[in-house]
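Beneath this line is the structure, given in C-alpha cells, with notes to follow.
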Amino acid sequence: MLQPRAITYTEKGAPASVLRVKTLPTLAAPTTGQIRVKFLLSPANPADMNVVEGVYPARAPSVEVDGTAHSLCGTEGVGRVEAVGEGVRSLRPSDWVVMGRSQLGTWRSSALLDAASVTKLPASPALTPVHAATLAINPPTALRMLRDFTRLSRSSWVVQTGATSGVGRAVIQIARAMGVHTVNLVRERRTQQQTDAVKEELKALGATHVLTNEEVVRDSKRVRSLIANWTQSDLPLFLNCVGGQETTEVAKTLSEGAHLVTYGAMSKKPLCIPPGLLIFKDIKSVGFWMSKWYAKSSAEERSAIAGEIIQLIESGSLTEPPHQIVSIGGHQTDQQATQTLRDALAAQANGGKKILFEMEDS
Ligand SMILES: NC(=O)c1ccc[n+]([C@@H]2O[C@H](COP(=O)([O-])OP(=O)(O)OC[C@H]3O[C@@H](n4cnc5c(N)ncnc54)[C@H](OP(=O)(O)O)[C@@H]3O)[C@@H](O)[C@H]2O)c1
C-alpha cells in the first residue's frame with residue numbers, strides 16, 4: 001500500500017534547516033464529504049517560508065507520526081481527484097482542483113481534503129500543471145489589487161515594486177490586458193548586462209517602463225521627474241511588496257488621493273511615508289491580503305476568479321511564472337528526499353526561479 005509523503009517541520013526556523021521529507025501513515029478511504037487528492041505540483045511561495053520561520057500570521061495544520069506532531073507546509077497547489085466520499089456530487093475522479101482555503105498542507109504527495117475546501121478547475125487545453133498550480137494566489141492578488149482600490153481606465157498608470165515576482169509579473173500582464181501602463185521597479189543584478197536582460201524580459205511581458213531600486217534611490221530627483229513626465233503626474237495606484245527607501249521615493253510621485261497598497265515586505269525594511277503625502281496629498285496607505293479575500297468569499301466567487309484567470313491564460317495574456325520543478329521520487333528514502341529538498345532550498349536562497357514541488361507516494 002502506498003504511503004503519502006509530506007514536507008514537514010517539528011520546530012520553526014530557517015526552511016533549509018528545519019524542513020524535512022516525512023512518510024505519513026497510509027490514507028484511509030475518503031469519508032462523507034471528503035476527497036482523496038494526488039498533488040501534481042505545489043509552489044513554494046514566500047509566505048510559506050514565512051510560516052515555517054514563524055513570522056506569518058497563519059497556523060500550519062499538523063499530523064502525528066510516531067507520537068510527534070509534524071506541521072504540514074504549503075498553501076497553493078493543483079491536485080487531481082483520485083476518489084470521492086459519500087455525498088460528494090460536485091467532483092469526480094480525474095478532476096483538477098486548487099485550494100479554496102489557505103494552509104491545507106499542499107506540499108504532500110496525496111491527502112484527504114474536505115470537498116468544500118477546494119475549487120474545481122474547468123478542463124482547458126491551455127491549462128498546464130504549472131499554470132494550474134500557480135493560478136490561485138498571485139494572479140488573483142494582482143487582479144484584485146488592480147480592481148479594488150481605484151477605478152483604472154485605459155491608459156491609466158500604475159507603479160509597482162518587486163516587478164520580477166510572481167505577483168509583479170501578473171500585474172504587468174493583467175494591466176497590459178486592461179490597457180493600463182506600468183512603471184516597474186526591480187533589483188539591480190550583478191552586471192549591467194544582467195540588469196538590462198531583466199528589464200527586457202519584463203518589457204516583453206508588457207511592462208511600459210522598468211527602473212531599478214538602486215537607480216531610484218541613487219538618483220531620486222531625476223527618477224521622480226521621469227515618472228512625472230511619463231505619467232503626466234496622474235499616478236493613482238502603487239502596488240508595493242518590498243518597502244524600503246525606493247518605496248518612499250516612488251510614493252512621492254503619486255497623484256492626489258492615490259492608493260499605496262502594500263501586500264508584501266520582501267526587503268524586510270519598514271515602509272516610510274512622508275507625513276506630507278498623507279496630509280496634503282491625501283495618499284491612502286492600505287494593505288491587501290488575498291487570504292482574507294478567500295476567507296470571506298463564496299464558492300461561486302472563488303470559481304469566478306479562477307475562471308477569469310483561466311480566460312487570461314487561454315487568451316495568451318498570462319504566461320507561466322519562471323519556475324523550477326523539484327521532484328521527490330517515490331524510490332528515495334526520507335533521508336535522501338530531505339537532502340534533495342534542502343539542496344534545492346539552499347540553492348534558491350540567493351534568488352532564482354519559483355520552486356514547484358512534485359512529490360510521489362513512497
Ligand atoms: N498579500 C497577499 O495577498 C499576497 C499574495 C501573494 C504574494 N504576496 C507577497 O508578495 C511578495 C511576492 O510574492 P511572489 O510569490 O510573487 O514572489 P516570488 O515570485 O517568489 O518572487 C520573489 C520576489 O521578491 C524579490 N525579492 C527577494 N528578496 C528581496 C529583497 N531582499 N529585497 C527586494 N526584493 C526582494 C525577488 O526579486 P529578485 O527577482 O530580484 O530576486 C522577486 O521579485 C511576497 O512578499 C509575498 O508574501 C502577498
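The values are calculated or read from the model by the stated rules, or taken from the named source; none is laboratory data. Worth saying up front: this structure is predicted, and the values here are computed from it rather than measured. With ideal geometry, Cβ positions are generated from the backbone for all residues, glycine too; neighbour counts draw on all protein chains shown.
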**Request:** Starting from residues that are of a type in the set (Gly, Ala, Ser) and touching a residue at least 60 places away in the same chain (Cβ under 8 Å), keep the ones in region 317-350 and report whichever is surrounded by the fewest Cβ atoms within 10 Å (Cβ to Cβ).
**Result:** 349
**Qualifying residue in region 30-49 (condition: within 23 Å of the chain's Cα centre (by Cα) and acidic (Asp, Glu))** = yes
**Asked** Of the numbered conditions (1) in contact (Cβ under 8 Å) with a residue 60 or more places away in the chain; (2) surrounded by 19 or more Cβ atoms within 10 Å (Cβ to Cβ); (3) under 23 Å from residue 150 (Cα atoms), residue 291 satisfies every one except a single condition; which is it?
**Response** (2)
**Filtered residues of region 95-115 (kept if touching a Gly at 6+ places or on another chain (Cβ under 7 Å) and farther than 18 Å from residue 308 by Cα)** = 105, 106, 107, 111, 114, 115
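At least 1 residues that are away from the ligand (no atom under 16 Å from the Cβ) and either in contact with a helix residue (DSSP H, G or I) (Cβ under 8 Å, 6 or more places away or on another chain) or modelled with pLDDT under 95 (or both) in each: list the strands (runs of 3 or more DSSP E) lying fully within region 260-362 that qualify.
Ranges flagged: 323-328.
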**Asked** Cβ-Cβ below 6 Å, separation at least six or inter-chain, first residue in region 172-183 and crowded, with 24+ Cβ neighbours inside 10 Å, second among the charged types (D, E, K, R) and modelled with pLDDT under 95: which pairs?
**Response** none
**Fill in**
If we keep only residues of region 66-121 that are hydroxyl-bearing (Ser, Thr, Tyr) and within 15 Å of the chain's Cα centre (by Cα), then the residue surrounded by the most Cβ atoms within 10 Å (Cβ to Cβ) is 106
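Wholly within region 131-236, which helices (runs of 4 or more DSSP H) include no fewer than the required count, namely at least 1 residues that are within 16 Å of the ligand (Cβ to nearest atom)?
Of the helices (runs of 4 or more DSSP H) lying wholly inside region 131-236, those with at least 1 residues that are within 16 Å of the ligand (Cβ to nearest atom) span 138-148, 166-178, 192-205, 213-218.
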**Prompt:** Which of the residues that make up region 5-24 are among the basic types (Lys, Arg) and at pLDDT below 95?
**Reply:** none
**Item:** Yes/no for residue 303 being touching an Asp or Glu at 6+ places or on another chain (Cβ under 6 Å) and either touching a residue at least 60 places away in the same chain (Cβ under 8 Å) or in the same structural domain as residue 214 (by TED's automatic domain parsing) (or both)
**Value:** no
**Prompt:** What is the residue count in region 223-242 for residues that are among the small types (Gly, Ala, Ser), under 15 Å from residue 210 (Cα atoms) and either crowded, with 22+ Cβ neighbours inside 10 Å or modelled with pLDDT under 95 (or both)?
**Reply:** 0
**Request:** State all residues of region 335-362 that are farther than 24 Å from residue 125 by Cα and in contact with a Lys or Arg (Cβ under 6 Å, 6 or more places away or on another chain); if no residue qualifies, say none.
**Result:** 338, 362
**Message:** Which numbered condition in (1) under 22 Å from residue 339 (Cα atoms); (2) in a loop (DSSP other than H, G, I, E, B); (3) within 15 Å of the ligand (Cβ to nearest atom) is the only one that residue 13 fails?
**Reply:** (3)
**Answer from 10, 31 - the residue that is touching a Ser or Thr at 6+ places or on another chain (Cβ under 8 Å) and among the polar types (S, T, N, Q)** = 10
**Fill in**
Considering region 239-259, residues that are within 20 Å of residue 152 (Cα to Cα) and in a helix (DSSP H, G or I), and then whichever is farthest from the ligand (Cβ to nearest atom), we arrive at 251
